[in-house]
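Student: Let me begin by handing over the structure; questions about it come next.
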Amino acid sequence: MKWTDIRRQYPDAFVLLSDLIEERVAANTFRIVEGSVLKVSQDAKEIRAAYQECLRRGQQALYALPSTPGDFIVENVAFMGRLA
């Protein structure tokens, strides 16, 4: 489903997405163009739990907040911490 359609259909909800299609904006910046909707909820905790479950299963997922703008831009940031 196109991101513009997702925003139009679920304007005030948290949305969990998978199977993302991205468009490169800059070296480490991407625009989410479309994805599969896994879950929609008004409850942030519910979406966060579903997101964590996806990660446990090794499934790539991303969630959008109700305030996510029309252009859903994400940035891949290098890990800055220490590995134990």
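The values are calculated or read from the model by the stated rules, or taken from the named source; none is laboratory data. Everything numeric in this text was worked out from a predicted model, so none of it was measured. Note: ideal-geometry Cβ built from the backbone for every residue, glycine included; neighbour counts use all protein chains shown.
Student: Write out, first by first residue and then by second, each pair whose Cβ atoms fall under 8 Å of each other, whose residues are 6+ apart or on separate chains, and whose first residue, in segment 7-21, is touching a residue at least 24 places away in the same chain (Cβ under 8 Å) and closer than 10 Å to ALA64 by Cα while the second is surrounded by fewer than 16 Cβ atoms within 10 Å (Cβ to Cβ) and of a type in the set (Ser, Thr, Tyr).
Tutor: Going by the 8 Å Cβ cut-off, the qualifying pairs are LEU17/SER36.
Student: Next question. Please go through segment 22-37 and pick out each residue that is of a type in the set (Lys, Arg) and surrounded by 12 or more Cβ atoms within 10 Å (Cβ to Cβ). Walk me through how you get there before you give the answer.
Tutor: Quick first cut of segment 22-37, residues of a type in the set (Lys, Arg) only: 24, 31.
Scanning segment 22-37 gives a single hit, ARG31.
Student: Given the criteria within 13 Å of ILE6 (Cα to Cα), surrounded by 14 or more Cβ atoms within 10 Å (Cβ to Cβ) and at pLDDT below 95, does TYR63 qualify?
Tutor: Values: within 13 Å of ILE6 (Cα to Cα): yes; surrounded by 14 or more Cβ atoms within 10 Å (Cβ to Cβ): yes; at pLDDT below 95: yes.
The answer is yes for TYR63.
Student: Within segment 38-49, track down each residue that is surrounded by 17 or more Cβ atoms within 10 Å (Cβ to Cβ) and either under 13 Å from TRP3 (Cα atoms) or of a type in the set (Gly, Ala, Ser) (or both).
Tutor: SER41 - this is the single residue of segment 38-49 that is surrounded by 17 or more Cβ atoms within 10 Å (Cβ to Cβ) and either under 13 Å from TRP3 (Cα atoms) or of a type in the set (Gly, Ala, Ser) (or both).
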